[in-house]
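In what follows, a single structure is set out as structure tokens and then discussed.
What follows is calculated from the coordinates using simple rules that are stated; it is not laboratory data. All figures in this text were calculated on a predicted structure; none of them were measured in a lab. Neighbour counts are summed over all protein chains in view; Cβ atoms, including those assigned to glycine, are modelled from backbone coordinates with ideal geometry.
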Amino acid sequence: MDRPEWAPPDVDLNTPSAARVWDFFLDGAHNFAVDRQVAAEAIRFKPDLPELARAVRAFLRHSVRLMAHAGIDQFIDVGAGLPTVGNVHEVAARVNPQARVVYIDRDPVAVTHGKAMLAGNDRVAAIAGDIRDPAAFLKSPELSRLIDFDRPVGLLLCAVLHFVGDDADPAGCVATLVERMVPGSYLAIQHATHDAQSANTIQMLKYWNSQSPEPMTWRTRTEIAAFFHGFTLTEPGLVELTSWLPDEPAGADPARFASYAGIGRKNP
């Protein structure tokens, strides 16, 4: 296939990417045929995946608003994916125009397009980084320019930790990040779970893991809650993603999005 102008030259057009599949779910334009193929097959097993993607974005935006109204004016979005309407810096700026944001992702398409979109905005940056190696991106000059770890920070980990296998020590990765954060900082997590899921949903996970170079590890509520060690959860706590959505239809299955979400404030 022809390489789109926005695609970096070193990106393999035949290997799917979680960030670009997610972009497809959100009706974005920065995905390849191989991403759309994986997305379409995943949707066959779980038709509401695009709705899930929009729900995760809604939770992300809610998290940013909550943190910004609590006085947070600097944010780190790890596993940020491709820029979409209503991104973190736009939401934060509506509360505080001085807010600073760093987007971090391992996908070169996400980083390249992010840099292009953010050109000229000196309060926002997109940098390459992998949550599996947080010590590396914590040394980034751009991160140091925008984020002052002597003040409270808002850390956003949405749709990213379930891409970290147990062999990569996800708890250690999160601990490395939150160790830099002073009391009063906030942490938001959305994480996929196999709790109370149908056979079709589990089959979708197996298909994804058989086709993608970025397999997922879904975890229980207890396992996800452990990432909030040292934080006090805000209401309604670590709950099904649907519980964070004000417009959730009456009678809808609360576990239908196969994920938990929560926001915590770091303890003194």
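Odds and ends about this structure:
- For the peptides 161-167, 67-73, 115-121, 86-92, the ranking by packing is 86-92, 67-73, 161-167, 115-121, with the highest mean count of neighbouring Cβ atoms within 10 Å listed first.
- Under 14 Å, Cβ to Cβ, from P183 - net charge with Lys/Arg +1 and Asp/Glu -1: +2
- Counting beta carbons within 10 Å around each of W22, W218 and listing the fewest first gives the order W218, W22.
- Dipole of the chain [Lys/Arg +1, Asp/Glu -1 at C-beta], most positive-end residue of G154, F45, F59: G154
- In terms of packing, defined here as the mean over residues of other Cβ atoms within 10 angstrom, the peptides 125-138, 171-184 line up highest first as 125-138, 171-184.
- For segment 25-78: rounded, prolate or oblate by the Cα gyration tensor [a/c cutoff 1.5]: prolate
- Relative to one another, the C-alpha centroids of segment 8-62 and segment 150-216 are positioned 17 Å apart.
- Amide proton proximity set for G129, modelled H, under 5 Å, gap of 5+: D105, R106
- Amide hydrogen neighbours beyond the local backbone of F231, cut-off 5 Å, H modeled: N267
- Averaging 1/r over each pair of different alpha-carbon atoms in segment 175-246 and inverting the result gives 14.4 Å, the Kirkwood hydrodynamic radius.
- Only helical runs count toward this figure. For the chain, summing -39,500 (n - 2.57) over DSSP H runs of n ≥ 4 and dividing by all residues gives -11000 deg cm²/dmol at 222 nm.
- Under 10 Å, Cβ to Cβ, from L155 - net charge with Lys/Arg +1 and Asp/Glu -1: +1
- Net charge of Cβ neighbours under 9 Å - reference A92; Lys, Arg +1; Asp, Glu -1: +1
- Helices of the chain meeting both criteria, an alpha-carbon length of 27 angstrom or more along the long axis and an average Kyte-Doolittle score not below -0.5, with helices taken as full DSSP H segments, are 49-69.
- Segment 41-125: C-alpha gyration tensor shape, a/c 1.5 cut-off, then a/b vs b/c: oblate
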